Amino acid sequence: MIRIILTDDHTLLRNGLRALLARVEEVEVVGEAANGQELLDMLSTTPADVVLMDVGMPVLDGLATLPFLRQRFPEVKVLALSMLDQEEDVSQMLAAGAVGYALKTADADELAYAIRTVAAGKPFLSSAIGLDALARLRVMAPRKPAPYLPELSARELEILELIGEGLTSGEIADQLFTSKRTVETHRLNILDKLQVKNTAALIKYAVRQGLIV
């Protein structure tokens with residue numbers, strides 16, 4: 001049985017997906033989350049094989065969630081499910097760790113096939129995007145850095161990478177043999193230099209700019 005968690009901020013869509021997947025053999029919906037943070041919290045207590053995850057969500061969106069999933073739940077496969085069909089959106093999600101990418105316009109048969117494919121660890125790309133683009137999309141890097149990026153110190157880049165791996169300030173301090181207060185100071189400096197307001201926005205920005213992968 002393939003255990004599924006539905007992650008989308010639209011309750012109506014989750015209800016529709018649950019009803020659709022109830023008719024698919026070997027698939028069981030074990031939970032629902034409205035954003036990436038809820039998903040991460042749920043996975044701590046609810047094992048799953050595949051996450052159907054929207055790209056655009058509040059609090060923590062799909063792209064920002066993937067680094068935390070890779071670090072904390074590497075065995076969980078992600079099938080991105082979105083209305084966005086531009087190559088840039090698709091390539092960013094695949095490069096960040098999604099195994100497959102399906103469109104919300106997919107029919108029941110295609111979605112069922114996508115879930116089974118991703119659960120087996122094989123890549124999937126919606127036929128509406130074009131299977132011939134799959135090889136190209138999977139090797140594309142996330143969005144190229146902007147012509148100018150605020151300069152981060154070597155230690156700030158190191159801490160940013162560890163934040164991207166899902167480590168807390170205390171865990172980063174232990175790994176770098178420094179104090180939690182020092183890490184928090186660096187974190188605030190990074191937020192200020194990159195002009196983002198919180199950790200979720202920081203991860204999203206850093207992934208899109210290729211600072212962390």
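The values are calculated or read from the model by the stated rules, or taken from the named source; none is laboratory data. Just so you know, these numbers come straight off a predicted model, no measurement behind them. Cβ: placed from backbone, ideal geometry, glycine included. Neighbour counts: every protein chain shown. Keep in mind that these areas ignore ligands, DNA and RNA; they rest on the heavy atoms of the full protein, side chains included. Shrake-Rupley method; radii C 1.70, N 1.55, O 1.52, S 1.80 Å.
Data for the structure
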| item | result |
| --- | --- |
| Net charge of Cβ neighbours under 12 Å - reference ALA112; Lys, Arg +1; Asp, Glu -1 | -3 |
| Accessible-area order (highest first, 1.4 angstrom probe) of the listed residues SER44, SER82, SER153 | SER44, SER153, SER82 |
| Contact order relative to length of region 66-129, as percent, for alpha carbon pairs under 8 angstrom and 6 or more apart | 34 percent |
| Per-residue HN-Hα couplings for region 17-27 [Karplus 6.51, -1.76, 1.60; θ = phi - 60°; Hz; x = Gly/Pro] | 5, 4, 5, 5, 6, 5, 9, 9, 5, 6, 10 |
| Local electrostatic count, LYS193, Cβ distance below 14 Å [Lys/Arg +1, Asp/Glu -1] | 0 |
| Calculated Rg and Dmax of region 57-102 using C-alpha coordinates, Å | 10.2, 29 |
| Percent carbon-and-sulfur accessible area, the chain, ignoring ligands, DNA and RNA, probe 1.4 Å | 52 percent |
| Cα-based helix-to-principal-axis angle, 87-96 vs the chain, degrees rounded to 10 | 70 degrees |
| With DNA, RNA and ligands ignored, accessible area of GLU75 (1.4 Å probe; Å², nearest 10) | 110 Å² |
| With all protein chains modelled, accessible area of LYS104 [1.4 Å, Å²] | 60 Å² |
| Candidate residues TYR205, TYR101, TYR113: accessible-area rank, largest first, probe 1.4 Å | TYR113, TYR205, TYR101 |
| P(r) histogram, all alpha-carbon pairs of region 7-106 included - 10 Å bins from 0, percent | 16, 53, 30, 2 |
| Intensity falloff of the chain expressed as log10 I(q)/I(0), Debye formula with alpha-carbon point scatterers, at q = 0.11, 0.12, 0.18 Å⁻¹ | -0.54, -0.63, -1.24 |
| Accessible-area order (highest first, 1.4 angstrom probe) of the listed residues MET83, MET93, MET1 | MET1, MET83, MET93 |
| Net +/- balance of residues flanking HIS10 in space, Cβ distance below 12 Å, scoring K and R +1, D and E -1 | -2 |
| Interchain or long-range residues, amide H under 5 Å from GLY56's placed H | GLY62 |
| Rounded Å value of the spacing that divides the Cα centres of region 30-103 and region 157-213 | 21 Å |
| Nearest-10 value in Å² for the accessible area of LEU13, using the 1.4 Å probe | 50 Å² |
| Angstrom value of the Kirkwood radius, inverse mean 1/r, which spans all Cα pairs in region 84-127 | 10.6 Å |
